[in-house]
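The values are calculated or read from the model by the stated rules, or taken from the named source; none is laboratory data. Since the structure is predicted, the reported quantities are computational estimates derived from the model, not experimental observations. All Cβ positions, even for glycine, are placed from backbone atoms using ideal geometry, and neighbour counts span all protein chains on display. When the accessible area is computed, the model is the full protein with side chains, heavy atoms only, and any ligands, DNA or RNA have been set aside. Shrake-Rupley method; radii C 1.70, N 1.55, O 1.52, S 1.80 Å.
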Amino acid sequence: MKISNCHERIVVATPKRVAAIVEDFDGIWPTQIVPAPRGQGRRLYDTGPMVWEEFDRPGAARAFLVISPEWLQCEHWFELERLDGGTLLRHRLEGQALGKYGAVWSERIEPFHNRVLEAVLDNIEAAVASED
């Protein structure tokens, strides 16, 4: 099953400032929902149920490839677009859930992913607001 997911938020800060905030998982991760990804060296992050590998993606502020579990083959990344008075921050996820796991993605993982991502975006906005 092909999977695609996108979240957007306009943040009142420069792309450079937003990129710096996105770099800090400990500062933006909604730990009240789920523990922050733990660095494992060599650009690997353990999120508990998944392992991500950070990679350089043209045009992305930060990008990750899901390397475990094997049935979830996807990339997710943050994009930044300069706007008048701020930055459009976009998080995209593209890939596939193999076999019966398409239903697992739709029923359990995607709703949880949406909740976490919206909280991440809220925390990014709060980080910007705290600087004013």
| request: DSSP loop (so not H, G, I, E, B), at most 11 other Cβ within 10 Å: list which GluC sites (Glu not before Pro) in segment 39-74 pass both filters. | output: 70
| task | Report the full-extension gain for the segment residue 106 to residue 126: residue separation times 0.36 nm, less the Cα-Cα distance, to one decimal in nm. | result | 4.3 nm
| field | Normalised contact order of the chain, rounded percent, pairs of Cα under 8 Å and 6 or more residues apart | value | 32 percent
| request: Determine the share of the chain's accessible area contributed by carbon and sulfur atoms, expressed in whole percent, with a 1.4 angstrom probe. | output: 51 percent
| Considering only protein heavy atoms, what per residue accessible area in square angstrom results for the chain with a 1.4 angstrom probe? | 55 Å²
| task | Considering Cα pairs under 8 angstrom that are at least six residues apart, work out the relative contact order of segment 52-105 and quote it in whole percent. | result | 27 percent
| Could you give the dipole magnitude of the chain about its Cα centre, charging the beta-carbon of Lys and Arg +1 and that of Asp and Glu -1, in debye to the nearest 20? | 320 debye
| query | By average Cβ neighbour count within 10 Å, what is the ranking of 26-39, 84-97 from highest down? | reply | 84-97, 26-39
| task | Answer with a single label: of (1) 25, 15, 15; (2) 29, 16, 12; (3) 22, 17, 15, which was calculated as semi-axes √(5λ) of the Cα gyration tensor in Å from the structure in view? | result | (1)
| task | Multiply the residue gap between residue 38 and residue 26 by 0.36 nm, knock off their C-alpha separation, and tell me the result in nm, one decimal place. | result | 3.4 nm
